[in-house]
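Comments concern the structure below.
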Amino acid sequence: MTTTAASPIPDRTAREWRALDAAHQLHPFTNYKALAAEGSRIITRADGVWLWDSEGTRILDGMAGLWCVNVGYGRREMVDAAARQMTELPYYNQFFKTATPPAIELARTLADLTPRGLDHVFFTNSGSEANDTAIRMVREYWALEGQPERRVIIGRQNGYHGSTVAAASMGGMDAMHNQGGLPLPDFGHIQEPHQFRYAPNASAEAFGREAAGWLEEAIQAIGPGRVAAFIGEPIQGAGGLIVPPPGYWSEIQRICANHGVLLIADEVICGFGRTGHWFGSQTFDIRPDIMTLGKGLSSGYMPIAGVMVGERVVRTLFELGAEFVHGFTSSGHPTACAVALENISILHREGLVDRVREDVGPYFMERLGTLRDHRLVGEVRGRGLMAGVELVRDKAGPTFFTPVGRVGTRCRDHCFANNAVIRAVYDTMVMAPPLIITRTEIDTLVDTLARALDQTERDLPKLIP
Ligand code: PXG
């Protein structure tokens, strides 16, 4: 096959792109008036851990896109996998008793890769859809089991499970609940296990037991006969990089088992090596009934996500179920599946997961640890290649900043101005670089954050009255 067509994307100046963007796009999670006034930064290309903008500036991507570009940018093998599959069969669906080889092969691969007992997958296009699917599936499970009143799903404050109406209800983001009348009925939330905020001076073990106990209290308050499932990210990402204290997950597991409540692990961020194992569930020894995947499944090269479903639910769906009336046009999209397969094979071939656990992950945490002495830094926490640096007004106490988020946002802006993408969640600086990052690049990332912290400290009198 020969390709002769010119690129459908014309050459435009940065100014033109910015003007057209403001004129025609509504961005996700964005204040439209503020963005239109400021203009967006136009990212034009990328390689490894580096991005380039339309001015030609090179930027270190400390967030792997949005926690997803695990194998890094510029992978020719991924392009070839997509081109091969698009040439052979660019699209076909999996409705009406049809299937395609890439989807079947990816399903088999995921069954091997994920913890034992999770042997079936339902493909979706996004993490939000995966979580939405999980909601429908657990409620169908309980209906088939003759307990249709078991509908409530318990999540956590500042948990993030996506932006569809149901996934946002299951998440615990107040700002999202405040728009559009969320949460929907039959969702509950418990506090997240954020020790530094809720019990900084307690022992980690005692706090772990206390925080898991909030689930027991919620189940009792709702009524055990009404609770369908509990969902949690092994490490909460978008909610501020909350690493659970020791013993937390084993206690959660015990409480769920005790009440027959299904346990859903949202691995959309933690999956595919981020925490130094293939899945966060392995890092914390969680044995979920259902696991949702996304992001790193294709390293963001194609939109694809999915729900891994364990034996308990699968048996009921097979034996008692009629039709599961749910699915998307692109569930199991062949090109996305081919790219995901190549992505997994790169992770294997290059030993990237082991590298996170044994080499760059510990190095990253060690280098970030040097920031603990900075006047603004209250806590440094993380695992593998995901980390948070929480800023405080005063280390004693600690005393947090009010208003929340202003100092973090300023620090984030300084990071950007110094050409590193680092996120601020409230006043926690959050990083999740591509898994291929080198030690030298980690040094650059941490040095950039250190410089931004100094600049932010100098701004404090203007920021905080
Ligand atoms: N679960 C988790 C744990 C996530 O982090 C989703 C589900 C939803 O996935 P989709 O593919 O529908 O976006 C996510 C997404 C941020 C940020 O600013 C995080 C996400 C998405 C956008 C921004 O940290 N996580």
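Could you say which residue among Trp67, Trp17 is surrounded by fewer than 17 Cβ atoms within 10 Å (Cβ to Cβ), at pLDDT 95 or above and not aliphatic (A, V, I, L, M)?
Exactly one residue qualifies, and that residue is Trp17.
With respect to the numbered conditions (1) more than 18 Å from Leu297 (Cα to Cα); (2) within 27 Å of the chain's Cα centre (by Cα); (3) modelled with pLDDT of 95 or more, which one is the sole condition not fulfilled by Ala34?
Condition (3) is where Ala34 drops out.
Being closer than 23 Å to Met429 by Cβ and more than 16 Å from the ligand (Cβ to nearest atom) is the filter here, so list the residues in region 220-279 that pass it.
Pro245, Gly276
Filter region 241-287 down to the residues that are in a loop (DSSP other than H, G, I, E, B) and in contact with a Lys or Arg (Cβ under 8 Å, 6 or more places away or on another chain) and list them by number.
Answer for region 241-287, where residues must be in a loop (DSSP other than H, G, I, E, B) and in contact with a Lys or Arg (Cβ under 8 Å, 6 or more places away or on another chain): Leu241, Val243, Gly247, Val268, Ile269, Gly271, Phe272, Thr275, Gly276, His277.
Would a scan of region 288-303 turn up a residue that is of a type in the set (Val, Ile, Thr) and in a loop (DSSP other than H, G, I, E, B)?
no
Pull out all pairs, ordered by first then second residue, where Cβ-Cβ is under 9 Å, the residues are six or more apart or on different chains, the first lies in region 247-264 and is on the phi < 0 side of the Ramachandran plot and touching a residue at least 40 places away in the same chain (Cβ under 8 Å), and the second is surrounded by fewer than 22 Cβ atoms within 10 Å (Cβ to Cβ) and among the basic types (Lys, Arg).
Going by the 9 Å Cβ cut-off, the qualifying pairs are Tyr248/Arg209; Glu251/Arg209; Leu262/Arg312.
If a residue has to be under 20 Å from Arg383 (Cβ atoms), touching a residue at least 40 places away in the same chain (Cβ under 8 Å) and more than 15 Å from the ligand (Cβ to nearest atom) to count, how many in region 284-312 make the cut?
Here the count works out to 1.
Which residue out of Phe196, Phe207, Phe187 is closer than 25 Å to Gly388 by Cα, touching a strand residue (DSSP E or B) at 6+ places or on another chain (Cβ under 6 Å) and among the aromatic types (Phe, Trp, Tyr)?
Working: Phe207 fails: touching a strand residue (DSSP E or B) at 6+ places or on another chain (Cβ under 6 Å); Phe187 fails: closer than 25 Å to Gly388 by Cα.
Of the residues listed, the single one that is closer than 25 Å to Gly388 by Cα, touching a strand residue (DSSP E or B) at 6+ places or on another chain (Cβ under 6 Å) and among the aromatic types (Phe, Trp, Tyr) is Phe196.
Quick check on Ala107: is it more than 16 Å from the ligand (Cβ to nearest atom), hydrophobic (A, V, I, L, M, F, W, C) and surrounded by fewer than 23 Cβ atoms within 10 Å (Cβ to Cβ)?
Numbers: more than 16 Å from the ligand (Cβ to nearest atom): yes; hydrophobic (A, V, I, L, M, F, W, C): yes; surrounded by fewer than 23 Cβ atoms within 10 Å (Cβ to Cβ): yes.
So Ala107 passes the test.
Tell me which strands (runs of 3 or more DSSP E) are completely within region 31-131 and hold 1 or more residues being under 30 Å from Phe318 (Cα atoms), or say none if there are none.
Strands (runs of 3 or more DSSP E) meeting the threshold: 118-124.
Evaluate the following for Val309: is it modelled with pLDDT of 95 or more, crowded, with 20+ Cβ neighbours inside 10 Å, among the β-branched types (Val, Ile, Thr) and in a strand (DSSP E or B)?
Numbers: modelled with pLDDT of 95 or more: yes; crowded, with 20+ Cβ neighbours inside 10 Å: yes; among the β-branched types (Val, Ile, Thr): yes; in a strand (DSSP E or B): yes.
Yes, satisfied.
Applying the selection to region 94-104, what residues are buried (at least 17 other Cβ atoms within 10 Å of the Cβ) and not polar (S, T, N, Q)?
Listed by number, the residues that qualify are Pro102, Ala103.
The values are calculated or read from the model by the stated rules, or taken from the named source; none is laboratory data. Quick caveat: nothing in here was measured; it's all calculated off a predicted structure. Cβ: placed from backbone, ideal geometry, glycine included. Neighbour counts: every protein chain shown.
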